[in-house]
Amino acid sequence: MKLTLGDKTLSAVIYILLFVLGFAAFYPFWNAAVISFNSGNDTMRGGITFWPREFTLENYAVVFKDERLLGGFAVSMLRTVVGTLLSILATAIFAYGMTKTWLIGRKFYMVVCIVTMFFSGGLIPTYLLIRELQLIDTFWVMVVPGLISVWNMIIFRTFFKGMPAGLDESARIDGCSNWGVLFRIILPLSGPVLATLALFTAVYHWNDWFAPSIYISNVDLLPIQTKLQQILNSNIMLEQMSQMDSAAASHLNRMKTVTTKSLSMATMMVATVPILCVYPFVQKYFVKGVMIGSLKE
Amino acid sequence: MKRLGRGRKPKLTEDLLRQWDVQLMVLPALLFILVFSYIPMYGVLMAFQDYNIFTGFMSSPWVGFKHFERFFHAPEFWSVIRNTVVISLLKLFIGFPAPILLALMLNEIHNRVFKRTIQTISYLPHFISWVIVSGFVTSLLSTDNGSFNILLQQLNLIDEPINFLSIPEYFWTILVTTGVWKEIGFSSIVYLAAITGVDPQLYEAGAMDGASRLRQMFSITLPSILPVIIIFLILNIGNLLNAGFEDILLLGANPVLRDVADVIDTYVYRVGIQNNRYSYATAVGLFKGVLSVALLAGANYAARRSGNSLW
């Protein structure tokens, strides 16, 4: 097929646009990483963009020595692992039960689920419920409320339904119970959907900062994202102050801002790296997972 | 049924007992949904009460539409409504077509390595928390050698660094751009998948008739994926009043921005959680919920008339 001049121009324009987009998507990460590897005092002089000027690991050394930050990472890890495992397990069991056409009440159960996708009590009634349940200031407030996800249940169910019915029957003939079929046959064959949903759930748990910020006041129980948010917020306040203050005070405040800036960049990097390590490998699965989730109600 | 002898269990109970193991798979989960989704839905009724935290839901006095009227007469009412509508519409008009455009462009790329690299990089921001994204934005826009200010200075567009995040005029632009930046790649996945389903013969026929690549893009690819686009458009319209929450809370943290940044959801958070005005905040949230459902129904009605419906 011959390409006309117009087609070639189009191609060139698209390549350029996509390159710009890719650059824009990547640059903030790169710049933050560069600042985190640059000495804090030097960053203050300005002009750090693509490459560190005074390379140092000092910022990371501070982050990894700070017990509060380390505690935050530990809470985040624990929450992500426990929350993801429990949620995926509970939701998969639920979904498998819902695939059985002979299940009494199935249609009603489904309606109960679908309604929650369109209506919710909202922030305040949920908050008061959590209070009533005595979940405030406990680790479990980060795990329990999100245990069953209707959305994930539907994705699981769609996937299970797509499996050959013979699998189920032959296992049953061999004397396997329904629970046995789920754990010995169905789940071991559900790798892709398990990987996708586990990734999404884990990312949710790792990234969630808001729920802990309203439900948890005990600093030792706060995950890293919430702590990071508090640090960044106080940075903004400092920067605001530095602009209103007199020149001398402003200089002092700027120094504080910039060094905390380097530190918060280092913390941000540490909080981002686990995700960066995982998602490219699950990419081929989640493209499929997104499709099932979004097109089959 | 009438002939069931004495001593025999009714059929329903018998059937339930026979499938008790599978019922055991679903009933605990349903109980869970009942507690964590339906109790709060019922709790919405406190919008019509003067909820008292000490006496609880059951013994708080009913006050009718008092809190709704208060909200309608509140000094923030119009700015909150305006911000919610404007920010949502901006996100809809810019954030909705952007991933479609990206998918169309990616579809024109035949160099596999380049295509995959761009895809992988563009998915990345979706997986990052808003806290970190707001950290990036604050850092890039900072007057203290934020990259964006450096760029503008080197291009001689400005003399002094501008503190973008404390000037109300820039807030909506920053918010919408950040939103597009975060979700454009990930949202393009569905459209890309839809594009792969387009019949290649259509392109051959198009090329035969002398259609340029640009022409094929808009006359073949785009119409072919229109049903997918419409479904997502309806879903987006249902979410129209969800102008954003985490992003606005984090990027609009500066009190100077409140006048342009406060939307219904952040307002509910501020008066409800921070000022403990539970009933009032619930009423505001309920007001939004009712409008959202009406919007979704309206959008679906319009779509049904055009032949695509959600349900």
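The values are calculated or read from the model by the stated rules, or taken from the named source; none is laboratory data. Given the structure is predicted, the values throughout are model-derived calculations rather than measurements. A quick note on method: Cβ atoms are made from the backbone with ideal geometry, for glycine too, and the neighbour counts reach across all protein chains shown.
Determine, yes or no, whether B:S122 is at pLDDT 90 or above, at the interface with another protein chain (Cβ under 7 Å from one of its Cβ atoms) and assigned to a helix (DSSP H, G or I).
Working: at pLDDT 90 or above: yes; at the interface with another protein chain (Cβ under 7 Å from one of its Cβ atoms): yes; assigned to a helix (DSSP H, G or I): yes.
So B:S122 fits the description; yes.
Would you please name the residue that is modelled with the highest pLDDT, looking only at residues in region A:273-286 that are within 7 Å of another protein chain (Cβ to nearest Cβ) and buried (at least 17 other Cβ atoms within 10 Å of the Cβ)?
Only one residue fits best here, namely A:I275.
Taking into account only those residues within region A:124-163 that are among the basic types (K, R) and over 26 Å from B:Y51 (Cβ atoms), which is modelled with the lowest pLDDT?
Step one: filter region A:124-163 for residues among the basic types (K, R), giving A:131, A:157, A:161.
From what's left, over 26 Å from B:Y51 (Cβ atoms): A:157, A:161.
Working: A:R157: 91, A:K161: 87.
Restricting to residues being among the basic types (K, R) and over 26 Å from B:Y51 (Cβ atoms), the top hit is A:K161.
So, in region B:20-50, how many residues would count as being farther than 26 Å from A:W151 by Cβ and facing chain A (nearest Cβ under 8 Å)?
Step one: filter region B:20-50 for residues farther than 26 Å from A:W151 by Cβ, giving B:20, B:45-50.
After this cut, where a residue has to be facing chain A (nearest Cβ under 8 Å) as well, the list is B:46.
Here the count works out to 1.
Just one of the numbered conditions (1) buried (at least 23 other Cβ atoms within 10 Å of the Cβ); (2) at pLDDT 95 or above; (3) not charged (D, E, K, R) is not true of A:L85; which one?
In the conditions (1) buried (at least 23 other Cβ atoms within 10 Å of the Cβ); (2) at pLDDT 95 or above; (3) not charged (D, E, K, R), A:L85 misses (1) alone.
Suppose we filter B:V198, B:V271 for residues that are outside any helix (DSSP H, G or I) and either at pLDDT 90 or above or farther than 22 Å from B:M41 by Cα (or both); which single one remains? Working first, answer last.
Details: B:V271 fails: outside any helix (DSSP H, G or I).
So the residue among B:V198, B:V271 that is outside any helix (DSSP H, G or I) and either at pLDDT 90 or above or farther than 22 Å from B:M41 by Cα (or both) is B:V198.
Among the candidates A:L10, A:L78, single out the residue that is without any contact (Cβ under 8 Å) to a residue 60 or more places away in the chain and either farther than 19 Å from A:L232 by Cβ or not in a helix (DSSP H, G or I) (or both). Break it down stepwise before answering.
Values: A:L78 fails: without any contact (Cβ under 8 Å) to a residue 60 or more places away in the chain.
None of the others qualify; the one that does is A:L10.
B:P227 passes all but one of (1) within 12 Å of chain A (Cβ to nearest Cβ); (2) buried (at least 18 other Cβ atoms within 10 Å of the Cβ); (3) not aliphatic (A, V, I, L, M); which number fails?
B:P227 satisfies every listed condition except (2).
Considering region B:144-155 alone, what residues qualify as being in contact with a helix residue (DSSP H, G or I) (Cβ under 7 Å, 6 or more places away or on another chain) and surrounded by fewer than 18 Cβ atoms within 10 Å (Cβ to Cβ)?
Of everything in region B:144-155, those that are in contact with a helix residue (DSSP H, G or I) (Cβ under 7 Å, 6 or more places away or on another chain) and surrounded by fewer than 18 Cβ atoms within 10 Å (Cβ to Cβ) turn out to be B:D144, B:F148.
Here is a list: B:F148, B:F164. Which entry is without any contact (Cβ under 8 Å) to a residue 24 or more places away in the chain, farther than 28 Å from A:T9 by Cβ and away from every other protein chain (no Cβ under 11 Å)? Break it down stepwise before answering.
Numbers: B:F148 fails: away from every other protein chain (no Cβ under 11 Å).
Being without any contact (Cβ under 8 Å) to a residue 24 or more places away in the chain, farther than 28 Å from A:T9 by Cβ and away from every other protein chain (no Cβ under 11 Å) holds for just one of B:F148, B:F164, which is B:F164.
If we keep just the residues of region B:166-195 that are β-branched (V, I, T) and farther than 15 Å from B:Q119 by Cβ, which is surrounded by the fewest Cβ atoms within 10 Å (Cβ to Cβ)?
Of all residues in region B:166-195, those β-branched (V, I, T) come to B:167, B:173-174, B:176-178, B:180, B:184, B:189-190, B:195.
Imposing the further condition that a residue be farther than 15 Å from B:Q119 by Cβ reduces the set to B:167, B:173-174, B:176-178, B:180.
Details: B:I167: 14, B:T173: 12, B:I174: 18, B:V176: 19, B:T177: 15, B:T178: 21, B:V180: 20.
It comes out as B:T173.
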